[in-house]
């Protein structure tokens, strides 16, 4: 049972990452395509998130910390602020907290906290992309 729990904790983030990679480019309606700058930022986020997953699975603490810090830093790019709403700000802050939790897990070399922080980060991405897509659709109707 213990082995199964460890496998589930390792495999679950992989599945979430695959799902995210599959929907990453499709959440924005065609009429409201991403700007070049936003596309660049989202690609960087995806690359760092994939590197974080690899680091979590291989316990590469230096890479985990480096890529987690890079994820948090991406939010400082002006292109990151897609929407100027309190909800988007809340979503963005939750993403930064999750990235910082990954940095902390890496610095502690915590085999339990790192995968959980990764799953949390991934969920923050999914939730924010869902919110942004809905907000854009709602704004398109106005």
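The values are calculated or read from the model by the stated rules, or taken from the named source; none is laboratory data. Here the structure is a predicted model, which means the values were calculated and not measured. Here Cβ is always computed from backbone atoms with ideal geometry, including for glycine, and neighbour counts include all displayed protein chains.
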- prompt: Which members of region 31-66 meet the condition of being assigned to a loop (DSSP other than H, G, I, E, B) and either modelled with pLDDT of 95 or more or surrounded by 19 or more Cβ atoms within 10 Å (Cβ to Cβ) (or both)?
  reply: 59, 60
statement: From the option list 124, 69, 134, 130, single residue qualifying as assigned to a helix (DSSP H, G or I), at pLDDT below 95 and under 22 Å from residue 39 (Cα atoms) is 134
task: State all residues of region 72-117 that are free of Cβ contacts under 8 Å to residues at least 40 places away in the same chain, more than 16 Å from residue 132 (Cβ to Cβ) and not in a helix (DSSP H, G or I); if no residue qualifies, say none.
output: 76, 110, 112
